[in-house]
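Student: The structure's right below; bear with me while I get my questions together.
What follows is calculated from the coordinates using simple rules that are stated; it is not laboratory data. Being a predicted model, the structure only gives us computed values, none of them experimental. Note: ideal-geometry Cβ built from the backbone for every residue, glycine included; neighbour counts use all protein chains shown.
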Amino acid sequence: MDPAVLGARLASGLVGPLVKKLFVKEGPGAALVDRPVGVEVWGDLGPELITRVLSEEKPHSLSLTNSPVTDLGFLERYRNLTLLRLMECPGLTSVEPLTRIPLERLILNDLPGLGDLSPLSELDRLTLLSLRGATPWPGLDALPRKAPLKYLFLPPTAHDLSDLGDFRTLVQLGLNLDAPLTQEDWQAVAGLEHLTSLSLSLGELTALHAHGLRMERIDSVSLMAEHQTPVLGPLLAVFPAMTYLYVFQADEVDLSPLAAHPRLTKVLTTPNCRLRNASALPASVEVVPRPKE
């Protein structure tokens, strides 16, 4: 979300003063909304209350979390809506109304009730699509091949990715899947000529290394450790162009294998991660958070 925008946070019991809580931050001060804003809605506010508060021209981004919404048809009135986040909305079963909204970024996370996701193929303006968590995997055929997709984050159940090369505009891909990718899947990933950022699990890193594949263009790597102890040595062979490494959910990391990487400039870990042998890295490599001396 644009840092210049202070999104309205809508909560049950605050319906009366909601309009007064829509602000745009202008330097040190703030003013009542007179242009499109970003809006975040949590909890049991339904479409009737949302549409009562938000005029048709206002929101350019909308986030619904743990919402009772079952039909997205009410969103069709928001003609400036380009970013939509839907998270943990258990009653939601269809995304078909979204085909009549000029969306550019769509996040569908933890929506297990979604059935037919084929309408996604009609969203030909999308640059970002996230299907994380319990959102069902509809297959690549349901994704918008004509859209200028740059950022794609797949659900854990995703599989059969051998046609991923059809999405030639991708620059960032999120994996961390339940099932191992096949050799053909990995070749499709490696063949994405604009891909520079990849998120993957420890198992996926091991598989890439075992297949002998090199991701020559990837400069940003996010490694999902899930409280395992990652072995970082394979990163040197698989990602020779890596400049940024993000290690998430690792309890302990030995950084010494990274000392030989010729292009690494930054390593980011979670605050509670124990870092070993950070001093082995060249002074040109920034480690965040900085390890205690």
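Student: Among [x] -0.44, -0.86, -1.08, -1.30; [y] -0.32, -0.76, -1.08, -1.27; [z] -0.27, -0.66, -1.06, -1.47, find the value of log10 I(q)/I(0) by the Debye sum over Cα atoms at q = 0.07, 0.11, 0.14, 0.17 Å⁻¹ that was calculated from the structure presented, and write down its label.
Tutor: Recomputing log10 I(q)/I(0) by the Debye sum over Cα atoms at q = 0.07, 0.11, 0.14, 0.17 Å⁻¹ here picks out [y].
Student: Pop a pseudo-label 7 angstrom from the Cα along the beta-carbon direction at both residue 211 and residue 290 and give the gap in nm to one decimal.
Tutor: Taking the two extended label points, one gets 4.0 nm.
Student: Rounding to the nearest 10 and keeping the result within 0 to 90°, find how far the Cα-based axis of helix 202-211 lies from the longest principal axis of the chain.
Tutor: For 202-211 against the chain, the angle is about 50 degrees.
Student: What 222 nm value per residue comes from the helices of the chain, counting each DSSP H run with n ≥ 4 as -39,500 (n - 2.57) and dividing by all residues, nearest 500 deg cm²/dmol?
Tutor: That calculation yields -2500 deg cm²/dmol at 222 nm.
Student: Right, another one. Could you name the aspartates and glutamates in cross-link range of residue 146, using Cα to Cα under 13 Å and dropping any fewer than eight places away on the same chain?
Tutor: Within reach: 104, 122, 124, 166.
Student: Let me ask something else. Using the basic label-point model (7 angstrom from Cα toward the beta carbon), what is the residue 77 to residue 141 distance in nanometres?
Tutor: For the pair residue 77/residue 141, the computed spacing is 3.8 nm.
Student: Here is a further query. Extending each Cα 7 Å along its Cβ direction at residue 171 and residue 44, get the distance between those two points in nm, one decimal.
Tutor: Using points 7 Å along Cα→Cβ, the separation is 4.3 nm.
Student: On to the next question. Assign one of three labels to the stretch 208-286, namely rounded, prolate or oblate, based on the Cα gyration tensor with a ≥ b ≥ c the square roots of its eigenvalues; rounded applies when a/c is under 1.5, prolate when it is not and a/b is larger than b/c, and oblate otherwise.
Tutor: Verdict is oblate for the stretch 208-286.
Student: To continue, here is another question. Between the alpha-carbon centers of the stretch 81-114 and the stretch 142-214, tell me the distance in whole angstrom.
Tutor: 22 Å
Student: Taking the alpha-carbon distance from residue 266 and a cut-off under 17 Å, which aspartates and glutamates remain once sequence neighbours fewer than 8 residues away in the same chain are dropped?
Tutor: Straight-line reach from residue 266, under 17 Å: 219, 254, 286.
Student: While we're looking at this one, here's another question. If you restrict to DSSP beta bridges whose two residues both lie in the chain, what percentage is antiparallel, to the nearest 5?
Tutor: Close to 10 percent.
Student: Quick one: 166, 110, fewest Cβ neighbours within 10 Å first, how do they rank?
Tutor: Ranking 166, 110 by Cβ neighbours within 10 Å, fewest first, gives 166, 110.
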